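The next block holds one structure in the form of structure tokens; read it before the comments.
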Amino acid sequence: ALQDLLNKLICLSGNTLFGLHCAKFVRAESYSLLGFISMSADNVATALEKAMPYERLVGDMGTTSFIHHKNELIQRWHCNYNNVDVIPHVVDNVLLSWVNFTRYLTGDETLAPKEVHFRHRCSDNSKSQYAGAFKCPVKFEQEFDQLIIDRALLTTPIKMPNASLLSLLSTQAEQQI
């Protein structure tokens, strides 16, 4: 139902970068319990480690996986939708929402992944909007939709960590799953 609604909204808006532009409206409460778990973590790595196992609590739009390399972490996302007109918008939204939310959690608007990859194409006149939003190199027509994150970014502290609340919220998420 959400896929059908998004398809109609995308068509009605006439906005070729609908998903990218909508990412600026994501807030902590958009992620439900996961958002509050992330807000309670002590750094970005802990936020990812504690929140991502419960992503099903937010919805069933897609799944996240992580690939660990020596100096970087790859955060890959697979969209579960099947409408080829909707998928690029949803992927744009999810990846930029993650980046924007991380900036919010840390209070650092300059934080950026090392690189962003998208499976979809992009017109030349839109590429600068992606680069401006992500603040890093963005590549299109790649094998996966993913963020490549420098490991140093993972140690960035969260603004208001709360270990007791993190434990309580993690337990609640486990019960809800």
Size of electric dipole in the chain: Cβ of Lys, Arg +1 and of Asp, Glu -1, about Cα centre, debye, nearest 20: 220 debye
Label-point gap, in nm, between residue 143 and residue 30 - each point 7 angstrom along Cα→Cβ: 3.0 nm
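Leaving out ligands, DNA and RNA, and with a 1.4 Å probe, what % of the accessible surface on the range 30-117 is carbon or sulfur?
On the way: 2050 of 3950 Å².
Accessible surface attributable to carbon and sulfur in the range 30-117 totals 52 percent.
Could you order 52, 160 by accessible surface area, starting with the largest, using a probe radius of 1.4 Å?
On the way: 52 30, 160 125 Å².
Ranking 52, 160 by accessible area, largest first, yields 160, 52.
Peptides 139-151, 55-67: what's the order by average Cβ count within 10 Å, highest mean first?
Values: 139-151: 16.7, 55-67: 14.0.
My ranking of the peptides, most packed first, is 139-151, 55-67.
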Antiparallel DSSP beta bridges within the chain, percent to nearest 5: 90 percent
Cβ charges +1 (Lys, Arg) and -1 (Asp, Glu), total dipole of the range 102-174, debye: 140 debye
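Fully extended, how many nm does the chain gain between residue 131 and residue 162 (0.36 nm per residue separation, minus their Cα-Cα distance)? Walk me through the intermediate numbers first.
Working: separation 31, 0.36 × 31 = 11.16 nm, distance 3.34 nm.
Stretched fully, the residue 131-residue 162 segment lengthens by 7.8 nm.
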Nonlocal Lys pairs with alpha-carbon distance under 28 Å, the chain (8 or more apart, or different chains): 24
Exposure rank, largest accessible area first [81, 130; 1.4 Å]: 81, 130
Cα centroid separation, the range 97-161 to the range 62-95 (Å): 12 Å
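Solvent-accessible area per residue for the chain at a 1.4 Å probe radius, Å²? Provide the component values of the computation, followed by the final result.
Values: 9650 Å² over 177 residues.
In whole numbers, the chain has 55 Å² accessible per residue.
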Leading residue at positive end of dipole, the range 75-147 (Cβ point charges), from 126, 98, 82: 98
Spin-label pair residue 154/residue 4, simplified geometry with 7 Å Cα→Cβ offset, distance in nm: 4.2 nm
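The values are calculated or read from the model by the stated rules, or taken from the named source; none is laboratory data. Since we're looking at a predicted model, the values are computed, not measured. Using ideal geometry, Cβ is built from the backbone for each residue, glycine included, and neighbour counts are taken over all protein chains shown. Calculation scope for accessible area: heavy atoms of the full protein, side chains included, ligands and nucleic acids excluded. Shrake-Rupley method; radii C 1.70, N 1.55, O 1.52, S 1.80 Å.
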